[in-house]
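Worksheet: one structure, shown below.
The numbers here are math on the coordinates, done by the rules we state, and not lab data. Note that the structure is a prediction, hence the values are computed from the model and not measured.
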Amino acid sequence: MTAEKKKRSKASAASDPIIPDKLYFRIGEVASLCRLPAYVLRFWETEFPQLKPVKSSTGQRMYRQRDVENVLRIKKLLYNEGFTIAGARQHLKDELKPSHRQDGLPFPKPRSADHLKKVRQGLHEILGILKTRR
């Protein structure tokens, strides 16, 4: 294996840690698993509504598997993809919305051919007004 391949395999292994099959993780476990300081996790809890670890009777934060996956997703958005905190928050919020748009257009399809004709006619009228102003 070349040195370049070793670097790449180490980098991909570091960015995609294997999450143990446990019900709950303490904040220290999540911090070491995600390679983040615990204070960053506590801060992210205030910034991202997706991060809601339950607290034990002693007040210890207990992260579920889904919380750990969310931490890794947030870390990737902020550190690898260059999102701001507000941008990452909005991106995650948008991901949760069901996508009704399958054609990828930023505007809705016309309701009918008649509706499209009316829109086209209105655009021609606007074009006519603009031409007479020259």
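Ordered by residue, what ³J(HN,Hα) values in Hz, to whole numbers, does segment 83-93 give under the Karplus form 6.51 cos²θ - 1.76 cosθ + 1.60, where θ = phi - 60° and Gly and Pro are x?
6, 7, 4, 5, x, 5, 4, 5, 4, 5, 5
May I ask which of K22/K55; K22/K93; K22/K75; K22/K52 have a Cα-Cα span longer than 23 Å here?
Over 23 Å apart, Cα to Cα: K22/K93.
Quote to one decimal, in nm, the extra length available between Q60 and Q90 on full extension: 0.36 nm per residue of separation minus the C-alpha distance between them.
Contour length minus the Cα-Cα distance gives 8.0 nm.
So what J values fall out for segment 119-126 if you push phi through Karplus, 6.51 cos²θ - 1.76 cosθ + 1.60 with θ = phi - 60°, rounded to Hz, Gly and Pro as x?
Result, rounded to whole Hz: 5, 4, 4, x, 5, 5, 5, 5.
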